[in-house]
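Report on one structure; see the data block that follows.
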Number of protein chains: 2
Amino acid sequence: MKRLFLLAFALASLAFAQPATHDPAALRDAALAGDTIAWDFAEGLTTEVGQRLAGTEAEARGREWAMRRLRELGFANVHVEPFELDVWVRGEERAEIVSPFPQSLAVTALGGSGATPARGLQGEVVGFDSLAELEAAPDSAVRGRIVFIGHAMRPAQDGAGYGAFGPARFRGPGVAARKGAAAVVIRSAGTDYHRNPHTGGTNWPDGVRAIPAGALSLPDAEQLQRMLRRAGERPVRMRLTLTPRNLGRRQSGNVVAEVPGTDPSAGVILIGGHLDSWDLGTGAIDNAAGAAITTAAAHRIMRAGRPRRTIRIVLFGAEEVGVFGGTAYFERHRGDGNVVLVSESDFGADRVWRAAFSLAGADTALADRVMTALAPLGIVRGRDRANAGADLGAWAAAGTAAIDLGQDGTRYFDYHHTPDDTLDKIDPAQLRQNVAAWTAMLAVAANWPGEIGRTEPRPAR
Amino acid sequence: MKRLFLLAFALASLAFAQPATHDPAALRDAALAGDTIAWDFAEGLTTEVGQRLAGTEAEARGREWAMRRLRELGFANVHVEPFELDVWVRGEERAEIVSPFPQSLAVTALGGSGATPARGLQGEVVGFDSLAELEAAPDSAVRGRIVFIGHAMRPAQDGAGYGAFGPARFRGPGVAARKGAAAVVIRSAGTDYHRNPHTGGTNWPDGVRAIPAGALSLPDAEQLQRMLRRAGERPVRMRLTLTPRNLGRRQSGNVVAEVPGTDPSAGVILIGGHLDSWDLGTGAIDNAAGAAITTAAAHRIMRAGRPRRTIRIVLFGAEEVGVFGGTAYFERHRGDGNVVLVSESDFGADRVWRAAFSLAGADTALADRVMTALAPLGIVRGRDRANAGADLGAWAAAGTAAIDLGQDGTRYFDYHHTPDDTLDKIDPAQLRQNVAAWTAMLAVAANWPGEIGRTEPRPAR
């Protein structure tokens with residue numbers, strides 16, 4: 001009911017909703033030619049703060065840095081909304097083949113990994129080429145051993161490889177633990193051949209105690225597979241040392257900033273990315289880039305005049321370790337009743353190549369208008385419904401309209417969750433293209449003269 | 001005089017020097033189409049032994065592995081010629097920015113680095129963009145500080161960037177030490193943007209005590225430069241922890257194997273690569289590949305029948321840490337008087353693109369014949385004289401004829417001396433092209449009916 005009332009109010013205010021200065025094409029082309037705000041934001045955050053593991057003082061410094069920058073840029077209502085979470089931190093990490101081919105392998109602990117004794121844990125390695133193969137194995141093949149899980153993830157423009165092969169990380173260690181494994185090492189959920197393993201969270205099923213769980217780089221995973229082949233009947237024995245610790249409850253928070261709209265009844269557009277990162281790199285593509293792109297685009301709208309709708313940027317905390325910031329924000333604000341559209345940037349800094357929409361059936365004209373503004377950037381229209389990413393996905397699932405500006409993910413999983421996620425992986429020209437696409441989309445959506453309606457709810461991903 | 005006598009003898013035996021089975025084109029094409037020996041050698045050595053730091057038990061296992069493999073392949077006179085050297089091993093390595101932007105940087109110790117206290121050494125960083133800039137600085141700008149040395153090395157097909165910018169590593173730490181620096185970190189002598197710093201030896205001038213000397217990866221070197229810019233007047237303070245140790249005298253050795261020739265008076269062709277590697281990777285391109293390529297090519301000649309000249313493979317020990325194996329071999333055998341041609345493979349596993357020669361003036365026909373055999377592989381003739389690489393360069397400098405089969409080095413310094421020097425960096429097709437080029441060259445040179453003369457001596461590089 002409230003929504004219908006807002007609709008009536010919105011229609012009444014239609015006449016003065018679209019400032020002439022918010023021409024999407026002009027704003028888009030200006031961003032493409034010369035945006036510097038996004039680069040400066042990404043460079044500053046990654047250089048002056050560096051890694052920003054959720055719940056640590058580094059993440060807190062990241063919030064302070066972001067609030068200072070957002071205020072300098074002139075945004076309104078800059079503040080932090082705190083929440084708490086359990087914090088896990090990395091310790092020592094070593095994997096050594098003891099026999100028959102003594103040598104070290106490059107390993108890193110998965111988020112949530114259990115710990116080995118300080119001096120490590122030694123066991124025989126049993127290898128599986130896929131999660132399915134592990135699942136099919138009898139417990140007796142696994143019990144007391146160090147399980148290796150391989151997979152065949154390849155680069156894909158839309159990132160589909162992560163969904164298909166990522167479960168080796170998300171679920172594999174839990175499966176191994178349930179079968180009685182002493183520890184587990186997976187082939188990193190990544191696509192590069194550098195000896196920087198990919199970390200990332202793993203999930204333990206209810207009632208299953210966390211065992212030590214690490215990821216090997218691809219060169220090391222293949223080295224281990226060669227060893228298993230060449231060893232023949234001889235057991236391959238590994239000493240694994242992973243000593244992460246749980247620090248208990250710590251504070252994180254979401255940083256919020258706004259471009260105030262002229263028409264409170266037209267609703268709020270919620271955009272953003274996440275401010276935390278894994279601890280190995282400086283979180284440049286994951287996700288200083290997303291924070292930078294959405295900030296720069298909102299700033300370009302703000303400089304051009306007040307839009308009809310308020311644009312709210314949320315830079316979420318603690319995404320990597322379990323979407324704590326996104327969940328906290330949704331729980332706190334789902335009842336506000338004023339969020340009409342959500343859109344998140346959290347897939348690197350390479351060019352936007354595809355847009356997807358989740359809009360009410362009556363709102364096809366909005367999607368068409370957005371596509372008209374995006375097409376000169378080489379962006380195509382996707383067939384799937386927008387899902388709004390990890391931090392804003394709950395909104396889309398609950399029926400809030402959503403737009404995804406999908407980035408090219410071909411090289412994303414070369415760097416994702418590795419020490420290599422650093423500023424040099426951001427291509428300034430592609431970053432500007434992102435800002436241009438976001439600016440064009442926001443120029444259309446924030447000034448859209450009609451209502452932006454709700455869609456059918458659907459199961460959360 | 002001995003040489004002239006050998007010449008007369010060689011001419012006398014000309015008639016039966018060239019078995020019909022040693023057709024260079026046929027041998028070349030067979031290698032290109034189907035060589036598996038080189039790959040098996042490289043895979044076996046890097047998988048079953050892994051890293052092979054000079055003077056360690058791992059390098060000794062490498063010698064055992066190589067001798068076993070060379071005997072299995074049917075080579076004659078397989079043996080090791082031992083020598084001793086001082087051994088340096090890596091310890092802990094950490095670089096942390098203390099202020100104003102606290103975070104960790106990826107660092108590795110350079111070979112021969114001095115050690116910090118176990119808990120590290122803290123100092124203000126003073127940055128120089130080049131070795132020349134450091135050299136021009138007054139001692140007062142350096143004294144007691146941690147010196148950072150940058151450079152502008154870029155990829156080059158012939159590896160020229162290493163000669164031009166490598167001195168930041170070879171000499172830079174010594175220059176900093178002489179000016180009173182507390183420690184030094186350089187931008188790695190490399191061309192990749194992965195957070196795997198490049199190690200490699202550094203040289204301390206006489207009378208200068210070794211200080212802690214590390215290399216930052218390129219992303220970290222650029223991060224430090226950004227910090228120095230963004231810090232303005234604030235000092236950038238680093239805590240550097242490098243705890244390498246000197247183990248004293250240890251044994252290394254050169255592994256030798258032969259394809260016996262039919263004509264002892266025609267002299268010996270000396271080929272090979274080095275068996276040791278740095279300790280960070282598994283030494284696949286540096287230099288399991290060179291050992292594998294020369295072994296496979298010599299084996300193809302051997303299988304085709306006895307060549308006129310003996311081909312001797314030497315897999316040198318302790319090249320990385322100061323060419324100890326090459327020097328020991330030269331000192332021991334320079335007086336033998338029977339080595340007529342030297343050629344080394346030590347620049348990775350990418351395709352041979354250029355051949356260079358250092359031959360007596362009368363031997364242009366030999367070079368022409370070699371080029372005829374190489375041209376179908378897309379190999380061009382270089383203008384510079386062959387220098388025969390680090391381990392065999394002393395022979396070429398002393399006047400022994402030499403042929404260089406120059407490999408494409410465009411991506412060599414992406415991996416050189418890093419953890420990323422692993423088997424996956426070898427492209428099997430390009431490896432076969434190397435074997436094909438070496439087989440063709442050896443088929444021509446080992447059966448060359450004339451004498452292979454000596455050249456003018458020149459200064460060693």
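What follows is calculated from the coordinates using simple rules that are stated; it is not laboratory data. Worth saying up front: this structure is predicted, and the values here are computed from it rather than measured. Cβ placement follows ideal geometry from the backbone for every residue including glycine, while neighbour counts extend to all protein chains displayed.
Efficiency by 1/(1 + (r/R0)^6): what FRET value for A:A375 and A:T36, r their Cβ-Cβ distance, R0 = 25 Å, to the nearest 0.05?
Computed FRET efficiency for A:A375 and A:T36 comes out at 0.50.
Taking a ≥ b ≥ c as the square roots of the eigenvalues of the Cα gyration tensor of segment B:291-399, is the shape rounded (a/c under 1.5), prolate (a/b larger than b/c) or oblate?
It comes out rounded by the Cα gyration axes.
Treat the count of other C-beta atoms within 10 Å as a stand-in for reagent exposure and order B:E233, A:E43 from fewest to most.
The fewest-first ordering by Cβ neighbours comes to B:E233, A:E43.
Along the Cα-to-Cβ line of A:E84, 7 Å from the Cα, sits a label point; which residues in segment A:214-251 have backbone N less than 12 Å from it?
A:248-251
Once you have a ≥ b ≥ c as the square roots of the Cα gyration tensor eigenvalues for segment A:160-211, tell me rounded if a/c is under 1.5, and otherwise prolate or oblate according to whether a/b is larger than b/c.
Prolate shape, in that a/c is at least 1.5 and a/b is the bigger ratio.
How far is helix B:2-12 tilted off the main Cα axis of chain B, in degrees rounded to 10, range 0 to 90?
With rounding to tens, the tilt is 40 degrees.
Compute the distance in nm between two label points, each set 7 Å from the Cα along the Cα-to-Cβ direction, one at B:A429 and one at B:T410.
Label-label distance for B:A429 and B:T410, simple model: 1.3 nm.
How large is the translational diffusion coefficient of segment B:233-338 in µm² per second when you combine the Kirkwood radius over alpha carbon pairs with Stokes-Einstein at 4 °C and 1.567 mPa s?
Result for D is 79 µm²/s.
Taking a temperature of 37 °C and a viscosity of 0.692 mPa s, what whole-number D in µm²/s does Stokes-Einstein yield for chain A with Rh from Kirkwood over alpha carbon pairs?
Using the Kirkwood radius from Cα pairs, D works out to 143 µm²/s.
Between the helical axis of B:218-231 and the dominant principal axis of chain B, each derived from Cα atoms, what acute angle in degrees is found, rounded to the nearest 10?
20 degrees
Between copies, how close do the A:G361 label points come, placed 7 Å along Cα→Cβ, listed in nm from shortest?
Output for A:G361: 9.5 nm, nearest copy listed first.
Write down the percent of antiparallel bridges among all DSSP beta bridges whose residues are both part of the protein assembly as shown, to the nearest 5.
Among the beta bridges of the protein assembly as shown, antiparallel pairing accounts for roughly 55 percent.
Provide the percentage of antiparallel DSSP beta bridges, counting only those with both residues in segment B:92-243; round to the nearest 5.
55 percent
Principal axis extents for segment B:289-350, Cα atoms only, whole Å, descending order, please.
Rounded to whole Å, the extents work out to 36, 33, 14 Å.
Please work out the FRET efficiency for the pair B:D336 and B:E92, using the Cβ-Cβ distance as r and a Förster radius of 45 Å; give the result to the nearest 0.05.
About 0.50, to the nearest 0.05.
Based on the Cα coordinates of the protein assembly as shown, what is the per residue volume of their convex hull in Å³?
171 Å³
Under 12 Å from the 7 Å Cα→Cβ point of B:A152, by amide nitrogen: which residues of segment B:212-238?
none
Rounded to the nearest 10 degrees, what's the angle between the helix A:37-48 long axis and the longest principal axis of chain A, both from Cα atoms, 0 to 90?
On a 0 to 90 degree scale, this one is about 40.
Within the set of other residues whose C-beta is less than 11 Å from the C-beta of A:F165, count the net charge using Lys and Arg as +1 and Asp and Glu as -1.
Counting the neighbours of A:F165, the net charge comes to +3.
At 222 nm, what value in deg cm²/dmol follows for the protein assembly as shown if DSSP H runs of at least 4 each add -39500 (n - 2.57) and the sum is divided by all its residues, to the nearest 500?
-10000 deg cm²/dmol
Near B:K425, which aspartates and glutamates are there with a Cα under 13 Å away, not counting those fewer than 8 places off in the same chain?
Within the straight-line limit of under 13 Å, B:K425 reaches these aspartates and glutamates: A:D192, A:D220, A:E222, B:E43, B:D286, B:D350, B:D414.
Quick check: from the Cα gyration tensor, does segment A:65-170 come out rounded (a/c under 1.5), prolate or oblate?
Here segment A:65-170 falls in the prolate category.
Distances from A:P449 to the same position in the other copies: list them in nm, one decimal, shortest first, using label points 7 Å from Cα along Cα→Cβ.
Going from nearest to farthest copy, the values are 9.4 nm.
Counting only Cβ atoms, what residue of chain A lies nearest to the axis that sends chain A onto chain B, and how many whole Å off?
A:H194, 2
A:R68 to B:R385: FRET efficiency via 1/(1 + (r/R0)^6), r the Cβ-Cβ distance, R0 51 Å, to the nearest 0.05?
0.25
State, to one decimal in nm², a quarter of the convex hull surface area for the C-alpha atoms of segment B:386-435, i.e. the direction-averaged projected area.
4.4 nm²
Beyond 19 Å, what share of the Cα-Cα pairs of segment A:91-243 remains, rounded to the nearest whole percent?
46 percent
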